[in-house]
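Student: A single structure is presented below for examination.
The values are calculated or read from the model by the stated rules, or taken from the named source; none is laboratory data. The structure presented is a predicted model; accordingly, all values stated were derived computationally and were not measured. Virtual Cβ from ideal backbone geometry, glycine too; neighbours counted across all protein chains shown. Areas reflect the complete protein model, heavy atoms only, side chains present, ligands, DNA and RNA absent. Shrake-Rupley method; radii C 1.70, N 1.55, O 1.52, S 1.80 Å.
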Amino acid sequence: MTVLSSTDRDEAEKKVKSSYFDLPAMDVSVAFPQATPASKFPPCTSDYYHFNELLTPEEQAVRKRVREFMEKEVAPIMTEYWEKAEFPFHIIPKLGALGVVGGSIKGYGCPGLSITANAIATAEISRVDASCGTFNLVHTSLGMLTIALCGSEEQKHKYLPSLAQLKTVTCWALTEPDNGSDASALQTTATKVEGGWVLTGQKRWIGNSTFADLLIILARNTTTNQVNGFIVKKDAPGLTVTKIPNKIGLRIVQNGDILLQNVFVPDEERLPGLNSFQDTSKVLAVSRVMVAWQPIGVSMGVYDMCHRYLKERKQFGAPLAAFQINQQKLVKMLGNVQAMFLMGWRLCKLYESGQMTPGQASLGKAWISSKARETASLGRELLGGNGIVGDFLVAKAFCDLEPIYTYEGTYDINTLVTAREVTGIASFKPAASRSRSRL
């Protein structure tokens, strides 16, 4: 077998290429003039049961403000950045000015939104771009919320005002290479030394981590064997973060592998209210509700895009919307969105009244994300060939829903959380193997 040198390979490629091989791609509006791409985002047609009327004037104002921003500032650029797997850092100051970052946190420069308003903001961001929704969820509902619920007053005053304006960015590091669903068994360690702590270990899949100013690290206290929380500054000695490449979903999100090699954290950066894994439950209760609203928003966008596309695109002398099978698929998508919205809205009300249980939050996240996958799959079918390119949103949303279906508890794990609550029997771990068969 002959191995070609790099020069020979270059010459071989030149021989097979045409004179127009390296020309830039044709603008999609020219290449496919019959339908409008998602860079000009479609109007919202998915609120068929007028759920907007269930919202307070404040919540409606949040929805309007976020929707206008996302359609104007993010829709025109999202496909480009998704394709490049890069984050559009220039939109961060504008997103920070919307008054939704920090969500339901009260005081310390945060907006103090209702849980419902926070959820609506999440949905409206994700309707246009799920990656931007994930960026805000990690920053607000995990990083900031952990400081707000588990931090000292000094830490809250020191960090939350800047984070609420997105002058600084945070991330939340729980997941590890060996501990995903079994997160409570995390192996990163925190060892007490004079004046602080030394963190050693590895984290994986941490959103925002490659550029976060503050990293919330969960580590096991080697003295108590309990999970503690720490605030680690960007570029701390011994801290390395590298981007995870080759993702098929949420490509704009900068997920990272974190390596902690004897990272020193001063005593004042330990979160005093996070002393066991159980203390994360108050954070995850809110974040799981918000994550349930992300696929609601994605599905709204998919429906809106398909609704416009079917009316614009013509085959056999008629718009695609005129064919019965397409109408059936579109209505199934619309029904999904109505049901998903109602479940999400009810979750918010249960939380606001102090009645929501972990099982209810888990069922919401599991069921809504599964219905979102179905909705995107139907949309993918409706768009035909254009259902596999990002320019018409659906292909991008189809891929983005895959990580959403998995993170904040996989579908399977969330159903087990709910099942434990309704049956009283935990089934997370397989039964112990027996030396002899019962038969």
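Student: Compare the Cα positions of G387, G359, V263 along the charge dipole of the chain (+1 at Cβ of Lys, Arg; -1 at Cβ of Asp, Glu; about the Cα centre) and return the one farthest towards the positive end.
Tutor: G359
Student: Could you sort R308, R127 by accessible area so the largest value comes first, with the probe set to 1.4 Å?
Tutor: Ranked from most to least accessible, the order is R308, R127.
Student: So for W345, W82, W293, what's the accessible-area order with a 1.4 Å probe, most first? All intermediate terms of the calculation are to be shown ahead of the outcome.
Tutor: Numbers: W345 55, W82 35, W293 0 Å².
Result, largest first: W345, W82, W293.
Student: Another question, then. Using helices alone, what [θ] at 222 nm do you get for the chain, with -39,500 (n - 2.57) per DSSP H run of 4 or more residues, divided over all residues and rounded to the nearest 500? Working shown, then result.
Tutor: Details: 14 runs with 191 residues, N = 439.
For the chain, the value works out to -14000 deg cm²/dmol.
Student: Taking the Kirkwood radius as the inverse of the mean 1/r across Cα pairs, report the Rg/Rh of region 30-120. Intermediate results must be reported in sequence, preceding the final value.
Tutor: Values: Rg = 15.9 Å, Rh = 15.3 Å.
Reported Rg/Rh, Kirkwood definition of Rh: 1.04.
Student: [x] 21.9, 65; [y] 31.7, 105; [z] 23.6, 78: which one is Rg and Dmax of the Cα atoms in Å as calculated from this entry?
Tutor: Entry [z].
Student: With a 1.4 Å probe and all protein chains kept in place, how much accessible area does E13 have, in Å² rounded to the nearest 10?
Tutor: 100
Student: Then there's this: For region 169-275, give the magnitude of the charge dipole about the Cα centre (Cβ charges: +1 Lys/Arg, -1 Asp/Glu; no others), in debye to the nearest 20.
Tutor: Its charge dipole is roughly 320 debye.
Student: Can you give me the convex hull volume of the Cα atoms of region 49-168, divided per residue and expressed in Å³?
Tutor: 99
Student: Taking K and R as +1 and D and E as -1, what net charge do the other residues with C-beta under 12 Å from the C-beta of L160 add up to?
Tutor: Net of charged neighbours comes to +2.
Student: Can you pull the Rg over Rh of region 276-421, Cα-only, Kirkwood?
Tutor: 1.07
Student: Largest first and in whole Å, give the semi-axes of region 96-162's equivalent ellipsoid, each being the square root of 5 times a Cα gyration tensor eigenvalue. Numbers along the way, then the final one.
Tutor: Working: eigenvalues 91, 26, 19 Å².
Working through the eigenvalues yields semi-axes of 21, 11, 10 Å.
Student: Still on this structure: Nothing charged except the Cβ atoms of Lys and Arg (+1) and of Asp and Glu (-1): what's the magnitude of the dipole of the chain about its Cα centre? Round to the nearest 20 debye. Don't jump to the answer; show the numbers that get you there.
Tutor: Values: 47 positive and 42 negative charges, 198 e Å.
The dipole magnitude comes to about 940 debye.
Student: Can I ask one more? As a test of reading the structure, rank M300, M26 by solvent-accessible area (1.4 Å probe, protein chains only), most first. Write down the numbers at each step before the final one.
Tutor: Numbers: M300 5, M26 130 Å².
Result of the area sort, largest leading: M26, M300.
Student: Another one. What are the DSSP H helices in the chain that stretch 20 Å or more along their long axis, judged by alpha-carbon atoms, and whose average Kyte-Doolittle hydropathy comes to at least 0.5?
Tutor: Membrane-span-like by this criterion, though nothing is claimed about a membrane: 115-128.
Student: Quick one: net charge of L260's neighbours, Cβ under 14 Å, K/R +1, D/E -1?
Tutor: Its environment carries a net charge of +1.
Student: Accessible area of I115, 1.4 Å probe, to the nearest 10 Å²?
Tutor: Rounded to the nearest 10, the figure is 10 Å².
Student: A further question on this structure: Express in Å², to the nearest 10, the accessible area of E352 obtained by rolling a 1.4 Å probe over the protein heavy atoms while all chains stay in place.
Tutor: 80
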